Every structure is written in C-alpha cells, then in structure tokens.
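Here, each number is a calculation from the coordinates, and none is a lab measurement. A quick note: this is a predicted structure, and the numbers were derived from the prediction, not measured. Positions of Cβ are backbone-derived with ideal geometry, glycine not excepted, and every protein chain shown enters the neighbour counts.
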Ligand SMILES: Nc1ncnc2c1ncn2[C@@H]1O[C@H](COP(=O)(O)OP(=O)(O)O)[C@@H](O)[C@H]1O
Ligand SMILES: [Mg+2]
C-alpha cells in the first residue's frame, strides 16, 4: 500500500498505539548540548530527524541535526516554530523554563517528560519532597531564606550540612558546606551575597556520610511500560562526575531496591520519557534520593558502548511509545573527558579507538575550556575490575594539546 507523506503524517498524528504507524516524524529537542547531540544520533540511526531549539550557534546538537532554531528558550516565536514542526518534543537540559514547556503543551505538542515533572526537578525543595512522597527517602532538609530559618534548620539538621541554591545548580555550583554552626550565619550571608546567587532561595541539607553515590535511569512509555538501566556507581571529582562504573558494586538486594524505587517513582509521577535519579548509598546500607534529572544523564553514557540499547535509544523509544528494550549489557566503566584550558586538540584518539572493548565519544565542542565536558571514554569487559583498568589506560592515552 502506498500512501502520500501527508496522509502518513495525518495518520501518524492521530495514532498513539502506533506499532505499525508510518514513521516520518521529526523530534523536537529543547537544548543544544551533548545530550541533544547523542539523542539526535540515536534518532538518526533509526531514520528520524531532530530539530534543536537552543541559544548556541554551531552547537554540539545543532551541528548534527536537521535544523537548529537558534533562540533563547523563552522566545515565543521560536517555540511556535518548533511546535509547528514537531509533535513530540523533549528537552536535554533541565533548566529550560518550565513556562516554555507549558506553552508548548498548551499548543498541543507532546512534551516528554511533562512540565509537571520538569517543575518538580527544577526546585530542590519540591524535588526532595516529591522523592519522599513517592517512596524514596531523602536526607533531612529545610528551606532557608532567612537567618532565623537557618538557625532553626541547623538545630534540626546539625552540621555538617550543605547549603544549596534551590534552583539552577549543576556540577556543585551554588553549594557550600557548613561545618561550624557558629560561623553558619556568616557563611550564609557570604553565599547569599555572591553575584550569581542574587535573588536566589536556598535549601539546607544534612550532609550524607555516604559509602557510594549511585544513580538509576528509568524510562517509561505512554503504555505504562517501564524499564531501568542497571544501577550506576558514580565517582565525582570537584563535584563533577569523573567515572561511572556499571553495575554498581553494591549487593544485588540493594541494587534491586534502588531500581524498584525508580520504577515506583516513574509510575507514580506518570513519567513519559526517561529520567535519572541520583542517590546516595549510605554506610549502613540505606538508599537516599538526592536529585532527579528529567532527561538522559552523564552516568548513563556508558550504555552507548556497553549496552545493546543505550539510554538515548531508550529515551527515543519512550518518546515514540515504542516497546522498551530490556537492557543487556557488559560490565563497563566510563570516564569523562573534561577540557583543561590548555589546548583544543585531543591527541591519542586514533590509538584509543583501536583498543579492544573501548568506545570513545566526542561532543564536537570547539573550545576545551577548563572543566567543560568534551567527551567520554567507555571500556566494557568481562569483569568490572577489567573495565575500570582499561578505561583508565585509555583515558591516560588522551591528552589535550594546542
Ligand atoms: N546532602 C549531601 N550530602 C553529601 N554530599 C552531597 C550532598 N548534596 C550534594 N552532595 C555532593 O555534591 C554533588 C553535587 O550535588 P547535587 O545535589 O547532585 O547537585 P548538582 O549535581 O545539581 O550540582 C553530589 O554529587 C554529592 O557528591
Ligand atoms: Mg547532581
């Protein structure tokens, strides 16, 4: 049977069961960084195009997609243009204004995950409350916007505690540790007066004496099918993810508990799409939720190389209400490649690409500024130890040069 493209599009638009629907849809992505790039690549493999909306010309995502609408995330005309071209839209950056997502939703676009979930993830107080509400315990926390609230919170929470801006934080930005209650007032004042924290609200969290940081990525489609990736073990350096090891070296019982928590959360918030829950695994074996990223996550990048279905493939499947694939994977270790501010050329790539069981992925960013995520390298092997060892060897072959 031959049908016109127009007819196919019309059928497609009205079809949510869609197993046999003609697939000629262009997926919209808010955000122009590496996560949008990697989703575009996953879509491209399946014959789909993506359109990016984001502010950066020649962005990592824009460079390899069908089109980039170069605009601020709250520009109505740009949002109209995106909604006009894409029925299904996702975001790769959790600080896109929730109002923009709501605007798209009101215009009839399907945005995954929904604006409700995005709003929850954008405010640490709401986020922690939501984690608790949906069965994931969290460390003690309190909203603190005045010295009085700070003193009250310190009494309940104790020291050490972490003071964070409730919004816009990433990679540890906007956070300080309060160790001495007598100096807390002063610390709070200094933190609040920083230029970047102007007008911000704050949360105080009890510092968790964790054994390990872990994360779980969960996808859910419109049919309600869920699927998790194995629990990832995350090592941070200077608050930036350095290495992810999969599967996390925790007991199978704890891993199952973490995955079940993520599934319950996804079901209860009626997730459509994919999200990551960052968690702490405490020394006494408890699992505490820390934050939600309503998108693919750096701790899932290993899956591009180490799993039959990557987090981006799964995100794409969830967006299109396709059947989610079970995750078959090899023990893997992923190390981030950060810019060091001393050259934009990464030497050693040819050698590393020839190494057995190694996947090297670069994001196409021109300038390797210090601390900027430029790419990652993953090693997959028969054992976790071997994967870690190989990932380190591969990473050591790579050097920034001018
Ligand atoms: N309450 C806490 N207890 C112990 N460590 C924390 C706590 N909150 C944050 N951290 C550390 O700081 C890192 C960054 O904090 P996080 O809450 O994940 O914010 P973001 O990633 O948005 O900057 C965490 O990965 C963890 O290493
Ligand atoms: Mg985090």
Report summary line: The simple spin-label model distance between residue 236 and residue 286, using points 7 Å out along Cα→Cβ, in nm, is 1.9
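Write down the percent of antiparallel bridges among all DSSP beta bridges whose residues are both part of the chain, to the nearest 5. The partial results should precede the final answer.
Details: 60 of 76 bridges.
Expressed as a percentage, antiparallel bridges in the chain total about 80.
Given 10 °C and 1.306 mPa s, how large is the Stokes-Einstein diffusion coefficient of region 156-252 in µm²/s, with Rh as the Kirkwood radius over Cα pairs?
In µm²/s, the coefficient rounds to 99.
If you stretched the chain out fully between residue 95 and residue 392, how much longer would it get, using 0.36 nm times the residue separation minus the C-alpha to C-alpha distance? Before the final figure, lay out each step's value.
On the way: separation 297, 0.36 × 297 = 106.92 nm, distance 3.21 nm.
Fully extending the segment from residue 95 to residue 392 adds 103.7 nm.
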Query - Ordering of 257-265, 391-399 by burial proxy (mean other Cβ atoms within 10 Å per residue, highest first) - result: 257-265, 391-399
Query raised in the report: If contacts are Cα pairs under 8 angstrom and at least 6 residues apart, what is the relative contact order of the chain in percent?
Result: 13
Report task. With the cut-off at 40 Å, report for the chain the share of all Cα pairs above it, as a whole percent. Result -> 16
Query raised in the report: What's the extension gain from residue 399 to residue 351 if we count 0.36 nm per residue and subtract their Cα-Cα distance?
Result: 16.1 nm
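Where does each of 337-346, 238-247 land if you order them by average Cβ count within 10 Å, highest first? All intermediate terms of the calculation are to be shown ahead of the outcome.
Numbers: 337-346: 15.4, 238-247: 19.4.
Averaged packing, sorted descending, gives the order 238-247, 337-346.
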**Report entry** Modelled FRET efficiency - R0 30 Å, residue 193 with residue 134, Cβ distances, 0.05 increments
**Finding:** 0.25
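Using a ≥ b ≥ c from the Cα gyration tensor of region 240-300 (square roots of the eigenvalues), is it rounded, prolate or oblate, where a/c under 1.5 gives rounded and otherwise the larger of a/b and b/c decides, a/b for prolate? Write out the running numbers ahead of the final one.
Working: a/c = 1.86, a/b = 1.22, b/c = 1.52.
Here region 240-300 falls in the oblate category.
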Report summary line: So residue 225 and residue 149, fully extended at 0.36 nm per residue minus their Cα-Cα distance, gain in nm 23.1 nm
Query raised in the report: Which value in nm describes the separation of the simple spin-label points at residue 268 and residue 179, placed 7 Å from the Cα toward the beta carbon?
Result: 3.6
Query - Sorted by Cβ neighbour density within 10 Å, fewest at the top, the residues 131, 154 - result: 154, 131
Requested in this report: Could you tell me which of rounded, prolate or oblate describes region 140-206, using a ≥ b ≥ c as the square roots of the eigenvalues of the alpha-carbon gyration tensor, with rounded for a/c under 1.5 and, failing that, prolate when a/b is larger than b/c and oblate otherwise?
Outcome: prolate
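Output the peptides 280-293, 24-37 sorted from most to least packed, where packing is the average of other Cβ atoms within 10 Å over each peptide's residues.
Values: 280-293: 18.5, 24-37: 24.2.
Result, highest mean first: 24-37, 280-293.
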Query raised in the report: For region 256-402, what class follows from the C-alpha gyration tensor (a ≥ b ≥ c being the square roots of its eigenvalues): rounded when a/c is under 1.5, otherwise prolate if a/b is larger than b/c, else oblate?
Result: prolate
Query raised in the report: Roughly what would the spin-label model give for residue 383 and residue 209, points 7 Å off Cα along C-beta, in nm?
Result: 3.2
Report task. Please arrange 125, 269, 216 by counting, for each residue, the other beta carbons lying within 10 Å of its beta carbon, fewest first. Result -> 125, 269, 216
